[in-house]
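Participant: My questions all concern the structure below.
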Amino acid sequence: MEYSSKLIGERIRRERKRKGWNQYALLMNLNRSPEARRTVISWEKGKTLPPLDDMVNMCKLFNCELGYLLGEFPDRHRATTDICAETGLTTAAVEWLQLWKKISSKTRAYSREEIALRFINDLICFSHVEDLAEEAISFQQCLGQSIESLQSFIGPERKSAEMDLGRDGVMEDNIDSVLYYEYRAKELFGEFMEDLVGHSKLALRDLELKYKELFEG
């Protein structure tokens with residue numbers, strides 16, 4: 001693998017700023033003289049590479065793996081990158097889950113973090129969620145095809161109707177019907193989505209009640 005000194009410098013700078021440090025603060029934490037500021041500038045601009053011992057120390061300071069600073073993977077830990085790739089979760093979501101797991105392992109039973117993890121597991125495995133999602137996708141596809149068919153017919157007919165209106169203010173009955181069906185199709189989709197949200201809220205409320213006593217305990 002080819003390593004980019006520019007990318008390495010960008011990640012050092014990003015992590016330094018994440019800590020809220022200026023370049024002098026980074027030097028102090030690396031047990032280097034403040035006079036070495038030009039060295040940090042050179043690292044961050046990708047002109048030179050830090051020695052291995054400084055790279056290792058920065059990994060400890062930034063709570064990241066060496067591979068991240070070297071540009072081998074996009075997240076601070078390879079495990080996070082792998083989980084994101086396999087599940088589609090965002091980096092922020094994975095890091096929150098990892099933090100909750102870390103806290104829950106060090107606290108009393110039924111801590112808020114442990115309950116949150118249990119809730120997320122139940123939510124993901126809850127069969128109704130998948131059923132509702134499939135139902136929504138199927139309905140949307142059918143409705144989309146219906147609206148496309150209506151629009152292909154409405155286009156020229158609406159133009160003709162506008163010409164009629166321009167002459168004597170009368171719209172043909174068939175145009176009224178087509179426009180009504182277009183309106184009704186959109187209205188039905190709105191009603192369906194309201195029902196879907198309602199079912200989802202009921203399903204989630206069942207889960208909420210299941211964990212309510214644990215949260216209040």
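Participant: Which whole-number percent is the relative contact order of region 1-59 (Cα, under 8 Å, 6+ apart)? List each step's numbers first, then the result.
Facilitator: Details: 48 pairs, mean separation 26.3, N = 59.
Here the relative contact order equals 45 percent.
Participant: Now for a different question. Show me, for region 85-98, the HN-Hα J-couplings you get by feeding each phi into the Karplus relation (A = 6.51, B = -1.76, C = 1.60, θ = phi - 60°), rounded to Hz, glycine and proline as x.
Facilitator: 5, 7, 10, x, 5, 7, 4, 4, 5, 4, 5, 5, 4, 5
Participant: Please state the shape class of region 65-104: rounded when a/c is under 1.5, otherwise prolate if a/b exceeds b/c and oblate if not, all from the C-alpha gyration tensor.
Facilitator: It is oblate, given that a/c is not under 1.5 and a/b is not larger than b/c.
Participant: Apply the a/c threshold of 1.5 to the C-alpha gyration tensor of region 1-82 and tell me whether it is rounded, prolate or oblate.
Facilitator: In terms of gyration-tensor shape, prolate.
Every read-out reported here was derived from the displayed coordinates using simple, explicitly stated rules and does not represent laboratory data. Note that the structure is predicted; figures quoted are calculated from it, not measured.
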